[in-house]
1. Can you classify region 141-282 as rounded, prolate or oblate using the Cα gyration tensor, where a ≥ b ≥ c are the square roots of its eigenvalues, rounded means a/c under 1.5, and otherwise it's prolate if a/b beats b/c and oblate if not?
2. Put a dot 7 Å past each Cα toward the Cβ at residue 269 and residue 143; how far apart are the dots in nm?
3. Tell me the relative contact order for the chain as a rounded percent, counting alpha carbon contacts under 8 Å between residues six or more apart.
4. For residue 291 and residue 158, FRET efficiency with R0 = 35 Å and r from the beta-carbon atoms, rounded to 0.05?
5. Could you give the dipole magnitude of the chain about its Cα centre, charging the beta-carbon of Lys and Arg +1 and that of Asp and Glu -1, in debye to the nearest 20?
6. When a/c is below 1.5 the answer is rounded, else prolate if a/b is larger than b/c, else oblate, so apply that to region 53-372 with a ≥ b ≥ c taken from the square roots of the Cα gyration tensor eigenvalues.
7. Mind pulling the angle between the C-alpha long axis of helix 72-81 and the longest principal axis of the chain? Nearest 10 degrees, somewhere in 0 to 90.
8. At residue 24 and residue 169, where each label point lies 7 Å from the Cα along Cα→Cβ, what is the point-to-point distance in nanometres?
Amino acid sequence: MLIRNGAVALPDTPAFVKLDIRVHNGVIAALGRDLPPDGEPEIDAEGLEVFPGAIDPHVHFFDPGFPDKEDFYHGSAAAASGGVTTVIDMPCTSDPQVINLDNLKHKRSIVERKAVVDFAFFGGVSSQVYADGFPDCMHELAAYVPAFKTYATSGSALFERLNHYQFSRVLEVAREVNRPILLHAEDAGFVLPAGEALRETGDSPRVFYETRPELAETLAVFAVSEIAETLQAPLHIVHIGSARAAEIVAGRTTTSGETCPQYLAFDLTDFERIGAPLKITPPVKQPDQKDQLWTRLAAGEIDFVASDHAPGSYKEKNTGSIWTDYAGIPGGPTLFPYLYSAGLRGGRLSLPRFLEATADAAARRYRLDDRKGRIQVGLDADLTLVDPNERYTVRGEDSFSRGKITPFEGMTLTGRVRTTLVRGTVVYRDGEIVAEPGAGRFLAPHNTGRS
Ligand SMILES: [Zn+2]
């Protein structure tokens, strides 16, 4: 494959460079001007921008277990349509959960027949795992997973939170096996009593938010990152929505952080207007938080972005009460397009920082950077071709995801993903998935001591 005349986004380069890209055996074989034809198929990328395929390092595809909510085909197809070439799936929302090696192998055998983009799995440590299987499960999974997910407030009764002592033990093992702990950071000592006190006082997005405000996030980030700092153990805070939480992360030496488009695009006033389609945990925050998150993302103090893709069905999103409506949105297909439109084209992110935030920083944190994250000779030919001039309006109904209810409904974005290639194979082109289910491959983290 030869991709001709695109404006290519190279790492650490302030502007696009007009280049041809030669792909051989799925790997970038050469970069240069006017590369001689070799009889291979060509893509004319004149007028298009060529990016390293985006990495979505936080998705819930519910597979196996709950394929009516999402499955690996629909989830990965939606990702590909939005320029994502690698996803990392959470351990806690499939059945079985990825809490030991047998479960991981079982899950892999099912979803690798469905995926159209490359994928990795996070492992998980709940209080149930802590009571039965810890720390052996972390030792046996470490070669196969880039990190381990935990909660400070339980996401479900099937996967419960850790207390501070348990965090200290788990972080010690994380340091030993050299894999970060991922933290859903909302403080149970705030969220649970606030819910009990406020639930009867109203049924509105604002009251729901008041049970999980900025402070609930900040307290959890402070406490667990303090444990990690003391132990010099690797910690990563997922879906940061509060500026103060991001500031704490920036001051730590072993803690990294991610945010999501929903925290950059929306705030509590939007939640009051949109309601359940924007219900997520942690909820979106006060209007003054968004600009501060953008600033910290631009500075690299928030390391990268993720979608936290987690669709709820129409029924789950319309239970009649904000307290019981499903918390989660199908953000996968809008992750890269929103960051491109609002971040790069909106002037909030430089090109090098945009590339780090959408691909390279996650590749490094999760030890996929020997194959993924940059347009560079020798790395996988994961490429996203964008028409910078096309504008379009997001319609949930058009999504490849099973989840059609999105808070981005009706938002107009600048720049459209035209073609997505995974290891040199065209997976998505002009509105259609053209790869067969199973084209995506399982990824294990490298163990070279880098990152
Ligand atoms: Zn999540």
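1. Details: a/c = 2.04, a/b = 1.75, b/c = 1.17.
Note, shape of region 141-282 comes out prolate.
2. 5.5
3. Numbers: 1116 pairs, mean separation 96.8, N = 451.
Result for the chain is 21 percent.
4. Numbers: r = 37 Å, r/R0 = 1.06.
About 0.40, to the nearest 0.05.
5. On the way: 46 positive and 61 negative charges, 71 e Å.
Roughly 340 debye for the chain.
6. Values: a/c = 1.17, a/b = 1.10, b/c = 1.06.
Judged from the Cα gyration tensor, region 53-372 comes out rounded (a/c under 1.5).
7. 60
8. In this crude label model, residue 24 to residue 169 measures out at 5.3 nm.
Read-outs: derived from the displayed coordinates by stated rules, not from any lab. Values in this document were obtained by computation on a predicted structure and should not be read as measured data. When we count neighbours, we look across all protein chains shown, and the Cβ atoms used for this are built from the backbone with ideal geometry, even at glycine.
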